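Input: a single structure, listed below in structure tokens.
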Amino acid sequence: MTVNFGIVVFPGTNCDQDTKSAVEGLGHRSEFIWHDSAPDSLSRFDCVILPGGFAYGDYLRSGAIAAFSPVIAVVKRYIDEGGLVLGICNGLQVLLEMGALPGAMIRNRDLRFICRFVDLIVKQTDTPFTSACVQKQVLRIPISHFEGSYYIDEAGLKSLIENNQIVLKYSDENGNCTPDANPNGAVFNIAGICNERRNVFGLMPHPERAADEVLGATDGKFIFDSIASSVAERRR
């Protein structure tokens, strides 16, 4: 199944080419969507990706300015129409700022930039982004961020838990979500969440950096393979 991916590019985005290389390396098609464009529709894409980087320099807050760029209005319509949207790292920050996902990002607990592999336990497999995984599967995928600690208030966390919107959590290699396994101080070890409709998914780890043997890791493929399976099901 060949998926048509649209990859949104903002000034300061720096993982667009990585993402394009990853999805095309898996046999899919991709096309860049510029931040200042406002097409009538994104319906030609099976999935739209907001990749990592530093959109608009991440001035004010990470993703804050990008949330007001012309393309975001079109992405919002795409989401409302049921389109699949994946936000990776800075892409998750943009999704939070534009209100597509609940919560916010704050600086890492130790106030240091972190760039390393982490272990993630899959908590939900009933999303279009994790359907190729098995419950409690542990994925090894890298993170690369400074403002990557997910925060949400107590009421918001309760809602996420009740609606099964917590998709990935930081864990050890055995799937234990301990404080030591939490690299950035994220609330409840949260690494990735989805919206209630489950067509929007944002995560801080970078699956595109773990989707090829040459990169030394392939667990990121589970995310893209899940999308492909979900798109195939939608087409049927």
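Each reported figure results from applying straightforward, stated rules to the coordinates on display, with no laboratory input. Worth saying up front: this structure is predicted, and the values here are computed from it rather than measured. Glycine also receives a Cβ, built like all others from the backbone with ideal geometry; neighbour counts cover every protein chain displayed.
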Kirkwood Rh, angstrom, the chain [1 / mean 1/r, Cα pairs]: 17.3
How would you rank Val122, Val167, Val8, going from fewest to most other Cβ atoms within 10 Å of each one's own Cβ? Val122, Val167, Val8
Check each of the GluC sites (Glu not before Pro) in segment 55-161 and keep only those in coil by DSSP with at most 12 other C-beta atoms within 10 angstrom; list them in order. Glu81
Alpha carbon centre of segment 1-78 versus segment 83-131: separation in Å? 15
Relative contact order of segment 4-235, please, whole-number percent, based on alpha carbon pairs below 8 angstrom and at least 6 residues apart. 19
Mean projection of the alpha-carbon convex hull of segment 91-194 over all orientations, in nm²? 6.3
Exactly which trypsin sites (Lys or Arg not before Pro) in segment 13-54 are in a DSSP loop and have at most 16 other Cβ atoms within 10 Å? Arg44
For the chain, built as a Gaussian network whose Cα springs stay under 10 Å, the top-fluctuating residue of Ala67, Ala155, Ala217: Ala155
Mind counting lysine pairs for me in the chain? Cα separation below 15 Å, and the two need to be 8 or more apart along the chain or on different chains. 4
Take Met204, Met105, Met1 and order them by how many other Cβ atoms sit within 10 Å, fewest up front. Met1, Met105, Met204
